[in-house]
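Reviewing the structure listed below.
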Amino acid sequence: MLAYESPDQLLAEPEARRFLHVAILNAIRDKATQLEVRFGDAGGLLYYRIESRDWELAPPPDEIYPQLKDTVREVSRLVQPERPELTVIAGVPGARYEPLEAGWLTYQLGGRWLDLAVRIDPREPFGFIRFDIDGAEEFSDDANDALTAYATRLAGEKEEY
């Protein structure tokens, strides 16, 4: 479970968890139906889907990118299926079949819960993390309020320096 309580609580979270909060809150605010982090040679790409169109967002920071799969595993309830014995006959030599880890992440926002379906492609260094979001429109205003409060808190911290 991942819960947003206040900007101060969000600032106290580890960086990877904070990034996950902000990505989910942005997706909910914008009424996205899907949020996805795609992993590749040069780092991660962040996308979300709104009205059947994919939008590329700012990528995860380099120091956070390698921690995202483990962070999602920590806050989600996942089923990690057994890898069946099979031989991959096409593709990269020595490749193995890795079944997706699947489950859900319960996100608490404004005293209400939203369940996001989660799928993780565990292949390293590639793969993806996908969240399917149903009912984001009901939480859109709460997500906007949370992001506004967080941005205000961040701006206040920068002025103190």
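The values are calculated or read from the model by the stated rules, or taken from the named source; none is laboratory data. Bear in mind the structure is a predicted one, so any value in this text is a computation, not a measurement. No Cβ is skipped: glycine too gets one built from the backbone with ideal geometry, and neighbour counts run over all protein chains shown.
Summary of values
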item: From Glu85, Glu124, residue being modelled with pLDDT under 90 and either polar (S, T, N, Q) or more than 22 Å from Glu15 (Cβ to Cβ) (or both); result: Glu85
item: Residue identified as out of contact with any strand residue (DSSP E or B) (no Cβ under 8 Å at 6 or more places or on another chain), among the small types (Gly, Ala, Ser), closer than 21 Å to Gly103 by Cβ and surrounded by 12 or more Cβ atoms within 10 Å (Cβ to Cβ) among Ala16, Ala27; result: Ala16
item: Residues of segment 9-46 that turn out to be outside any strand (DSSP E or B) and either modelled with pLDDT under 95 or not acidic (Asp, Glu) (or both), as a count; result: 24
item: Test set (1) of a type in the set (Phe, Trp, Tyr); (2) out of contact with any strand residue (DSSP E or B) (no Cβ under 9 Å at 6 or more places or on another chain); (3) modelled with pLDDT under 90 - Tyr65 fails condition number; result: (2)
item: From Arg73, Arg49, residue being farther than 19 Å from Tyr4 by Cβ, without any contact (Cβ under 8 Å) to a residue 60 or more places away in the chain, not in a strand (DSSP E or B) and not hydroxyl-bearing (Ser, Thr, Tyr); result: Arg73
item: Conditions (1) surrounded by 14 or more Cβ atoms within 10 Å (Cβ to Cβ); (2) in contact (Cβ under 8 Å) with a residue 40 or more places away in the chain: number failed by Asp134; result: (1)
item: Subset of segment 1-15 [of a type in the set (A, V, I, L, M), farther than 18 Å from Arg112 by Cβ and touching a residue at least 40 places away in the same chain (Cβ under 8 Å)]; result: Leu11
item: Considering residues of segment 52-70 that are part of a helix (DSSP H, G or I) and free of Cβ contacts under 8 Å to residues at least 60 places away in the same chain only, the residue surrounded by the most Cβ atoms within 10 Å (Cβ to Cβ); result: Tyr65
